[in-house]
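Student: To start, I am sharing the structure in question, which I have written as structure tokens.
The values are calculated or read from the model by the stated rules, or taken from the named source; none is laboratory data. The shown structure was predicted, so the numbers you read here are calculated from the model rather than taken from an experiment. Note that each Cβ is placed from the backbone with ideal geometry, even for glycine, and that neighbours are counted across all protein chains shown.
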Amino acid sequence: MEDKLQIIQENMEKHGGVMKTSQLYELCHLDYRGLNSLLKHGVLERVKNGYYKLKEVEQSEEAYITTLFPDGVLCMESALYQYGYLKQKPFAWSIAINKNTSKSRFLLDYPVVVPYYTEPRVLDIGVTTIKLGDKDMKIYDRDRVICDVLKYEHKMERNDFKMAIVHYIQDNQKDFHRLLEYAKERKVSAKVQNVIGVWL
């Protein structure tokens, strides 16, 4: 049993502290009964259906997000925070996801996730990657984030919206031409001209 626990701990570390059932079966040589035994004895804890972590080890929100949503893209307040446009870390993680994705994936107690169900044809527009914890995570570039901020203004706190616009205008890494391209795709061209165009 000691050897099996050692193997589980090593593999958990390699996978950011959260593993799928299939990974536990394959990499740790567990079967259904072995997995249930580890759950019953408090060695493992179910994060959500099909995902597990070591009970004594607390995982960061970042580890959960990168493991549970590798196909998601950080957007809205989460992306604004990563770019330094918002000073306070948002309470919930905003993640853009294919609109055909199962809604049950987001039934989590922790971390709190706000899904933005997105048409597949626009989901990958403006995607780049950042290091989130010790894993890569997809995120929209600054210009795409601002287009989405304009599109979903009604879902945002007024102050967060203002801060996003002000910081974007002051950002040396913005690309106004790319912003206009994204605005056309996201159907916010008029808003871009009215809100941001007057400052540039």
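Student: If I filter the range 129-140 for residues that are under 25 Å from Gly197 (Cβ atoms) and without any contact (Cβ under 8 Å) to a residue 60 or more places away in the chain, do I get at least one hit?
Tutor: No.
Student: Would you say Lys162 is crowded, with 16+ Cβ neighbours inside 10 Å and either at pLDDT below 95 or basic (Lys, Arg) (or both)?
Tutor: For Lys162, the condition - crowded, with 16+ Cβ neighbours inside 10 Å and either at pLDDT below 95 or basic (Lys, Arg) (or both) - is not met.
Student: Could you please let me know if Gly50 is touching a Ser or Thr at 6+ places or on another chain (Cβ under 8 Å) and either surrounded by fewer than 17 Cβ atoms within 10 Å (Cβ to Cβ) or modelled with pLDDT of 85 or more (or both)?
Tutor: yes
Student: Could I ask something else about it? If Gly126 passes every condition in (1) farther than 26 Å from Ser102 by Cβ; (2) touching a helix residue (DSSP H, G or I) at 6+ places or on another chain (Cβ under 7 Å) but one, which one does it miss?
Tutor: Here Gly126 clears every test but (1).
Student: Out of Lys184, Lys162, Lys131, report the one residue that is in the same structural domain as Glu77 (by TED's automatic domain parsing) and either hydrophobic (A, V, I, L, M, F, W, C) or within 22 Å of the chain's Cα centre (by Cα) (or both).
Tutor: Sole residue among the options that is in the same structural domain as Glu77 (by TED's automatic domain parsing) and either hydrophobic (A, V, I, L, M, F, W, C) or within 22 Å of the chain's Cα centre (by Cα) (or both): Lys131.
Student: So if I check each of Val122, Val166, Val145, which one is free of Cβ contacts under 8 Å to residues at least 24 places away in the same chain and either part of a strand (DSSP E or B) or aliphatic (A, V, I, L, M) (or both)?
Tutor: After ruling out the rest, the residue left standing is Val166.
Conditions tested, residue by residue: (1) within 29 Å of Gln59 (Cα to Cα); (2) in contact with a Cys (Cβ under 7 Å, 6 or more places away or on another chain).
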position	(1), (2)
Thr128	yes, no
Arg142	yes, no
Val145	yes, yes
Asp175	no, no
Arg178	no, no
Ala190	no, no
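Student: Follow-up question, since we're still on this one. Is it the case that the range 101-110 has a residue that's in contact (Cβ under 8 Å) with a residue 12 or more places away in the chain and buried (at least 19 other Cβ atoms within 10 Å of the Cβ)?
Tutor: Checked the range 101-110: no residue is in contact (Cβ under 8 Å) with a residue 12 or more places away in the chain and buried (at least 19 other Cβ atoms within 10 Å of the Cβ).
Student: Turning to a different aspect of this structure: So which residues in the range 93-112 are at pLDDT 95 or above and either within 22 Å of Gln59 (Cβ to Cβ) or assigned to a helix (DSSP H, G or I) (or both)?
Tutor: Result: Trp93, Ser94, Ile95, Ile97.
Student: Also, quick follow-up: Would a scan of the range 61-77 turn up a residue that is within 30 Å of Thr129 (Cα to Cα), surrounded by fewer than 14 Cβ atoms within 10 Å (Cβ to Cβ) and in the same structural domain as Ile130 (by TED's automatic domain parsing)?
Tutor: yes
Student: Turning to a different aspect of this structure: Please count how many residues of the range 72-95 are touching an Asp or Glu at 6+ places or on another chain (Cβ under 8 Å), more than 22 Å from Gln173 (Cα to Cα) and either β-branched (Val, Ile, Thr) or in contact (Cβ under 8 Å) with a residue 24 or more places away in the chain (or both).
Tutor: Residues flagged as touching an Asp or Glu at 6+ places or on another chain (Cβ under 8 Å), more than 22 Å from Gln173 (Cα to Cα) and either β-branched (Val, Ile, Thr) or in contact (Cβ under 8 Å) with a residue 24 or more places away in the chain (or both) within the range 72-95 amount to 1.
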